[in-house]
Amino acid sequence: MESFEWQQATSFENAATSATHTTTEAMLGTQGKPVASQAMLIKAGGVDLLDLMKEGLVSPRRLIDINHLSEFQSISEDADGGFTIGALATLAQIAAHSGVGKYFPALVQTVTAAASPQIRNRATLGGNLLQRPRCWYLRSPAHHCLRKGGEHCFAYAGDNRYHAVFANHDGCAIVHPSTPATALLAFQAQIKCVSAQGAQRVIPIDDFFMLPSRDPRHENILQAGELITAVKLPAPHPAHRSAYLQLSEKAAFDWPLAAVAAVFVIDHNDICQQARIVLGSVSPTPRRAQEAENILTGAKIDPDNARTAAEAAITTATPLSGNAYKLPLLSALISRTILKAASCESPHERLL
Ligand SMILES: Cc1cc2nc3c(=O)[nH]c(=O)nc-3n(C[C@H](O)[C@H](O)[C@H](O)COP(=O)(O)OP(=O)(O)OC[C@H]3O[C@@H](n4cnc5c(N)ncnc54)[C@H](O)[C@@H]3O)c2cc1C
Ligand code: SF4
């Protein structure tokens with residue numbers, strides 16, 4: 001690893017004015033080679049950024065540490081019944097929060113399943129959403145692939161067993177690495193940001209991530225000098241229920257092969273009034289399974305229509321040479337997550 005300067009940010013605004021690049025831009029600038037750059041980058045928990053530096057994929061001149069800014073470490077219940085999670089709240093903090101656990105169990109299930117206890121104690125929610133993909137060609141200094149500014153995707157003709165089975169034919173076939181993002185999309189979270197000029201914006205999570213068809217080099221719409229300050233969870237519907245399941249090769253210290261988060265609003269006649277089902281680890285962004293949502297909305301959820309919905313969700317998949325095994329696995333996982341979410345208790349007393 002190259003030597004680098006260290007700046008202790010005094011505020012998010014101070015960090016935003018000091019940061020010159022996003023990590024994505026800094027990696028594009030290295031042409032895939034471990035060369036030192038002038039980039040000054042934001043560091044939160046440092047789990048992903050330090051990995052990239054140790055791998056020689058990015059060599060910034062300076063790290064701007066924001067991890068100690070206590071104002072952005074907290075989780076609070078809002079007057080409207082929603083919750084605001086500071087960008088620097090750790091995955092462990094979210095997992096242990098009783099209010100988030102009560103009203104957003106699928107989110108807690110994602111963070112509890114992520115990585116390992118040591119990593120969850122360090123990893124922040126903001127950094128988790130902005131971690132770079134795990135594609136082994138992206139993580140290899142020897143492969144200057146399209147997402148790093150090169151010309152080719154090495155996964156198409158290479159080893160693509162962990163790659164996307166949806167939206168994978170636009171130059172890049174990554175899967176999005178954040179598992180909390182699946183639940184956040186199911187709960188319609190909003191990403192709160194501040195720019196170097198102090199301008200604040202709130203981005204619906206549906207608009208935050210980018211598919212390769214729009215830009216194969218960036219995973220999200222965040223600009224250099226723009227920081228995530230918090231994630232807002234809107235007040236949940238009084239009759240909502242949620243669940244998350246994932247399948248991994250290892251029980252811990254690993255990313256999933258496939259993941260599913262489901263949020264339903266179910267009325268007192270057991271009819272599903274609203275459904276949001278999000279697939280993780282199978283597409284370059286967390287992916288809404290709208291075909292499945294349409295089948296379940298207006299119906300009483302049971303094993304038969306859960307299976308039909310799961311089959312509908314995978315009909316548009318376009319597996320690559322080495323990852324068709326994900327489809328039966330994903331279908332079973334969707335069906336199980338639907339039934340798990342539908343059968344759990346609503347956290348509220350009041351029903352529709
Ligand atoms: C073995 C292992 C297993 C893992 N398994 C999982 C898993 O199952 N699911 C999962 O989701 N993750 C998993 N992870 C990834 C881990 O959760 C992330 O690396 C971590 O959450 C990153 O958070 P951080 O605070 O350390 O970010 P950092 O490494 O500090 O930052 C990551 C990126 O975000 C930028 N950044 C950080 N905070 C902000 C901010 N507030 N505003 C703007 N930019 C910012 C940084 O510049 C950097 O580019 C795993 C990691 C390991 C090592
Ligand atoms: S899948 Fe994307 S990140 Fe991986 S080699 Fe292809 S272009 Fe690069």
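The values are calculated or read from the model by the stated rules, or taken from the named source; none is laboratory data. A quick note: this is a predicted structure, and the numbers were derived from the prediction, not measured. Note: ideal-geometry Cβ built from the backbone for every residue, glycine included; neighbour counts use all protein chains shown. The protein model used for the area step is the full one, side chains on, heavy atoms only, and it has no ligands, DNA or RNA in it. Shrake-Rupley method; radii C 1.70, N 1.55, O 1.52, S 1.80 Å.
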- Message: Counting just the Cα atoms, what span does the chain cover along each of its three principal axes? Round to the nearest Å and put the largest first.
- Response: 62, 50, 33
- At 0.36 nm per residue, minus the direct Cα-Cα distance, what do A332 and R214 gain on full extension? Give it in nm, one decimal, please. 39.4 nm
- Message: How far apart, in nanometres, would the label points at V202 and C344 be if each is projected 7 angstrom from Cα along the Cα-to-Cβ direction?
- Response: 2.5 nm
- Given all pairs of distinct Cα atoms, the stretch 240-343 yields a Kirkwood Rh in Å of 13.7 Å
- Each label sits 7 Å from Cα toward the beta-carbon; between K300 and S248 the label points are separated, in nm, by 3.8 nm
- Task: Round to a whole angstrom and tell me the spacing of the C-alpha centers of the stretch 113-144 and the stretch 250-295.
- Result: 22 Å
- Task: Please report how far the C-alpha centroid of the stretch 319-343 lies from that of the stretch 176-245, rounded to the nearest whole angstrom.
- Result: 24 Å
- Note on the structure: In deg cm²/dmol, rounded to the nearest 500, the helical mean residue ellipticity at 222 nm of the chain, built from -39500 (n - 2.57) for every DSSP H run of length 4 or more, is -7500 deg cm²/dmol
- Could you work out the equivalent-ellipsoid semi-axes for the stretch 166-319, taking the square root of 5 times each eigenvalue of the Cα gyration tensor, largest first, in whole Å? 28, 21, 14
- Item | Kirkwood hydrodynamic radius over Cα pairs of the stretch 112-213, then Stokes diffusion coefficient at 37 °C and 0.692 mPa s, in µm²/s | 210 µm²/s
- Quote the charge dipole size of the stretch 5-65 about the Cα centre in Debye, to the nearest 20; the model charges only the Cβ of Lys and Arg (+1) and of Asp and Glu (-1). 180 debye
- Radius of gyration, Dmax [the stretch 1-149; alpha carbons; angstrom]: 16.7, 51
- Task: Any aspartates and glutamates with Cα under 20 Å of the K102 Cα? List them, leaving off those in the same chain fewer than 8 positions away.
- Result: E77, D78, D80, D267, E345, E349
- Item | Nearby lysines by direct alpha-carbon distance to K148 (threshold 23 angstrom, same-chain neighbours under 8 apart not counted) | K33, K43, K54
- Task: Note the full-extension length gain between H152 and Q223 as 0.36 nm times their separation in residues minus their Cα-Cα distance, in nm to one decimal.
- Result: 23.1 nm
- Remind me, relative contact order of the chain in percent, using alpha carbon pairs under 8 angstrom and six or more residues apart? 17 percent
- Query: Which stretch or stretches of the stretch 323-344 have amide N atoms under 14 Å from the point lying 7 Å from D159's Cα along the Cα→Cβ direction?
  - Reply: 323
- Message: Taking the solvent-accessible surface of protein heavy atoms with a 1.4 Å probe, what is the per residue accessible area of the chain in Å²?
- Response: 41 Å²
- Message: Could you give the length gained by full extension between W6 and I271, i.e. 0.36 nm per residue of separation minus their alpha carbon distance, to one decimal place?
- Response: 89.8 nm
- Task: Please count, across the stretch 227-352, the pairs of lysine residues with Cα atoms under 28 Å apart that sit 8 or more places apart or on different chains.
- Result: 6
- Task: Would you mind computing, in nm to one decimal, how far apart the modelled labels at E55 and D80 are, each placed 7 Å from Cα along Cα→Cβ?
- Result: 3.8 nm
- Item | Rounded percent of accessible protein surface that carbon and sulfur make up, the chain, 1.4 Å probe | 52 percent
